[in-house]
1. Output the residues belonging to region 48-75 that are in contact with a Phe, Trp or Tyr (Cβ under 9 Å, 6 or more places away or on another chain) and surrounded by fewer than 20 Cβ atoms within 10 Å (Cβ to Cβ).
2. Got a number for residues in region 275-319 being closer than 21 Å to residue 215 by Cβ and in contact (Cβ under 8 Å) with a residue 24 or more places away in the chain?
3. Could you name every one of the strands (runs of 3 or more DSSP E) located completely within region 154-197 that has at least 2 residues being farther than 22 Å from residue 276 by Cβ and not hydrophobic (A, V, I, L, M, F, W, C)?
4. Could you grab the pairs with beta carbons closer than 8 Å, sequence gap of 6+ or different chains, first residue in region 170-189 and on the phi > 0 side of the Ramachandran plot and buried (at least 19 other Cβ atoms within 10 Å of the Cβ), second one among the polar types (S, T, N, Q) and assigned to a strand (DSSP E or B)?
5. With the checklist (1) among the aromatic types (Phe, Trp, Tyr); (2) closer than 28 Å to residue 180 by Cα; (3) under 20 Å from the mean Cα position of the chain (by Cα) in hand, flag the one item residue 263 doesn't pass.
6. Output the qualifying pairs, or none if there are none: Cβ atoms under 9 angstrom, residues six or more apart or on different chains, first residue in region 50-63 and free of Cβ contacts under 8 Å to residues at least 12 places away in the same chain and closer than 11 Å to residue 28 by Cα, second residue loosely packed, with under 13 Cβ neighbours inside 10 Å and not acidic (Asp, Glu).
7. Collect the residues in region 93-144 that are closer than 24 Å to residue 158 by Cβ and in a loop (DSSP other than H, G, I, E, B), keeping them in residue-number order.
8. State whether one or more residues within region 236-248 are closer than 21 Å to residue 339 by Cβ and either touching a residue at least 12 places away in the same chain (Cβ under 8 Å) or of a type outside the set (Ser, Thr, Tyr) (or both).
Amino acid sequence: MKIIYKIILYLLISTTLIMPAKAQFLNKIVVALDGSGDYTKIQNAVDAVSPGLKKRTIIYIKNGLYNTEKILVPDNKTNITFQGESRDKTIISYHIYDCKGGLNNKCPAEDAAKWSGQAIRTSASVTIQGDGFHAEDITFQNTAGAVGQALAIYVTSDKNTFVNCNFLGYQDTVFLAKDKTRSYFKNCLIQGRTDYIYGGGIGYFDSCEIRSFGGGWITAPSTPKEQAYGFVFYKCKLTFSEKSPREKDDTQLVSLGRPWHNFPKVAWIKCNMGKEIHPVGWPTVWNMEYASTSKDLNLYEYKNTGSGADMSKRANWLGLRELTSEEAVFYSAENVLKGEDNWQPLK
């Protein structure tokens with residue numbers, strides 16, 4: 001019996017001695033500000049994940065305001081989950097914004113100086129480059145306010161899912177930056193004023209609240225011509241916030257979007273649009289002269305409800321129209337996001 005015990009003890013000690021930092025081999029890493037987890041900083045937990053893992057690593061983040069980090073999930077850290085303890089109390093926040101001057105056009109300069117490389121490429125509080133990222137029950141925010149580009153998240157990875165999350169900002173809140181990449185949002189809140197959902201990636205917003213400050217544009221799509229889909233909003237609720245950082249916003253209407261460049265594609269399907277939505281929908285071509293005449297812009301609506309859903313005064317653009325019932329079936333999450341590898345985020 002003693003011999004068996006010694007053998008077991010030897011194996012345990014030997015295994016421990018040859019293991020690197022323990023978090024690299026955990027399926028679940030806990031982050032807590034009070035020191036009750038494996039780490040107190042989220043970036044340390046991300047750094048502890050071995051590169052290229054196919055098996056999912058869950059980083060469980062306990063309630064708290066995590067506002068001292070500008071977080072980067074690099075492209076070699078795949079299949080990572082940020083699981084918050086609660087949606088409104090697990091908050092990842094920072095305050096960098098784009099400016100003229102500062103440090104390399106980032107302000108405040110003293111805070112921008114704390115970061116380097118990909119972490120400071122944009123103003124984003126969280127930069128996501130690793131494929132297969134998943135977040136649930138978390139608030140992502142940028143608190144810079146009405147000062148210019150101030151992203152909550154910057155996404156260049158593929159096959160991302162966000163469930164029951166808040167994304168709070170003012171200008172450029174959510175940037176789906178890389179063409180052809182896919183991100184799925186379910187039961188999320190996205191808040192902003194100026195171009196606050198933008199980029200060339202594919203974003204499917206399922207049953208989300210799209211909350212706008214007045215006077216701006218919800219979307220600024222830059223969809224490539226050959227890409228069939230851009231942003232799809234399905235059964236979303238478009239709401240209005242009267243608590244803008246700028247008082248003059250509170251009395252102004254909200255535009256569905258403005259074309260950034262390339263051949264923007266946005267579909268609003270079975271959404272509820274409040275009275276604050278601009279009747280024209282897309283009131284400006286924004287230095288993109290061909291926006292109103294190109295059939296390659298696909299700005300679609302289908303069976304939306306509410307005062308803002310009236311299409312009778314929409315912009316007279318060739319690519320802006322109501323979908324037919326036959327066309328609408330192609331805008332399911334399964335079809336929009338399947339790509340060439342048949343990715344199904346709902347399964």
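1. Scanning region 48-75 gives 50, 58, 60, 67, 68, 69.
2. Going through region 275-319 one residue at a time, the tally reaches 23.
3. 160-163, 182-186
4. Hits for this filter: 172/194.
5. Here residue 263 meets the rest and fails (3).
6. No pair meets every condition.
7. 121, 122, 123, 124, 125, 129, 130, 131, 132, 133, 137, 138
8. no
The values are calculated or read from the model by the stated rules, or taken from the named source; none is laboratory data. Given the structure is predicted, the values throughout are model-derived calculations rather than measurements. Heads up, the Cβs are rebuilt from the backbone with ideal geometry, glycines too, and the neighbour counts pull from every protein chain shown.
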